[in-house]
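As C-alpha cells, the structure follows; a few thoughts come after it.
The values are calculated or read from the model by the stated rules, or taken from the named source; none is laboratory data. Since we're looking at a predicted model, the values are computed, not measured. Here the Cβ positions follow ideal geometry from the backbone for every residue, glycine too, while neighbour counts run over all protein chains shown. Only protein heavy atoms, including side chains, enter the accessible area calculation; ligands, DNA and RNA are left aside. Shrake-Rupley method; radii C 1.70, N 1.55, O 1.52, S 1.80 Å.
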Amino acid sequence: MLQAYTELTQTMASAHDVLYPSKDRTIALVRVGDYHKYLDELTRSINGFRLNWEGKTWATAIVHECVWLTFHYTRLYIYAFAFQAHIQRSVSTAGDGKKLAETEIFPRGPMGSPDSRFILEAIDAATELLHMCIERLHPSGAMAYLPWRFFLYFQCASFFSPYPQSYFNTTSIY
C-alpha cells in the first residue's frame, strides 16, 4: 500500500511541477500548446501504475478503495489541465469583453477540440470517483471514516460529473 501511494504521490508531484509550477509558466504552456507531450508522459505513468497494481487486492476493502480513489483523483488532476487550457483559449479568442457564460466553449463540440482526448479522460476519472463514492463507499458506511482529502476529491470530481443532479438528492451521504 505504501509503495502504491508513493508512486501516486510521485506522479502527482511530477504533474504539479511540470503543469502548475507558477501562474506565468502555466499560462505560457497554454499559449504555446506544448503541454501535450507532458500529458502523454504522465499518461504513460498512470497506465504503468494501473498495469502494475490492477490485480492487487488488500486485506481490507477500504484500503483498496482509497488507493484507487487516489489513482482516479491523480488522473483528474492531470487531465483537468487540458480542460483548463481549452477554457483559457476559448475565452482569450473571444476577447471582445464577453463574459465566460456568453462565450461558446465548444463551438464545434467537445470532439472538435485538440484536447478532447484528455478532457474525456478527466470526465472518466471524475465519473469513476463519484461512482466509487455513491455505489461502493456510501452503501458500506465507509464514508464516515475517510480522511477529508477524499471529500475534496469528490468535490473536484463533481465539476466534471455527467451524473444528473437528481442522482445525488436520493439519499444523504452523511
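What to note about this one:
- Other residues lying with their Cβ under 11 Å from the Cβ of GLU121 contribute a combined charge of -1, Lys and Arg counting +1, Asp and Glu -1.
- For the options ASP34, ASP124, ASP115, a Gaussian network treatment of the chain with springs between C-alpha atoms closer than 10 Å singles out ASP34 as fluctuating the most.
- Largest GNM mean-square fluctuation among THR57, THR43, THR26, using the chain with Cα springs under 10 Å: THR57.
- Burial order of peptide ranges 104-110, 78-84 (average beta-carbon count within 10 Å, highest first): 78-84, 104-110
- Taking every alpha-carbon pair under 8 Å whose residues sit at least 6 apart, the chain reaches a relative contact order of 22 percent.
- Tensor-based shape of the range 10-101 (alpha-carbon gyration tensor, a/c under 1.5 rounded, otherwise prolate or oblate): prolate
- Taking the accessible area of the chain, probe 1.4 Å, and keeping the other protein chains in place, the carbon and sulfur fraction comes to 58%.
- Counted as membrane-span-like here are DSSP H helices of the chain whose alpha-carbon atoms extend 30 Å or more along the helix's own axis and whose Kyte-Doolittle mean is -1.0 or above; these are 61-94.
- Remark: accessible surface ordering of VAL67, VAL91 (largest first) is VAL91, VAL67, probe radius 1.4 Å.
- With the simple model of a label 7 Å out from the Cα in the direction of the Cβ, GLN3 to ASP17 spans 2.2 nm.
- Per residue value of the accessible surface for the chain (all protein chains in place, 1.4 Å probe), Å²: 58 Å²
- The loop-placed trypsin sites (Lys or Arg not before Pro) in the range 12-86, going by DSSP, that have at most 15 neighbouring Cβ atoms within 10 Å of their Cβ come out as LYS56.
- With R₀ set to 22 Å, the beta-carbon distance separating MET111 from GLN155 gives a calculated FRET efficiency near 0.20.
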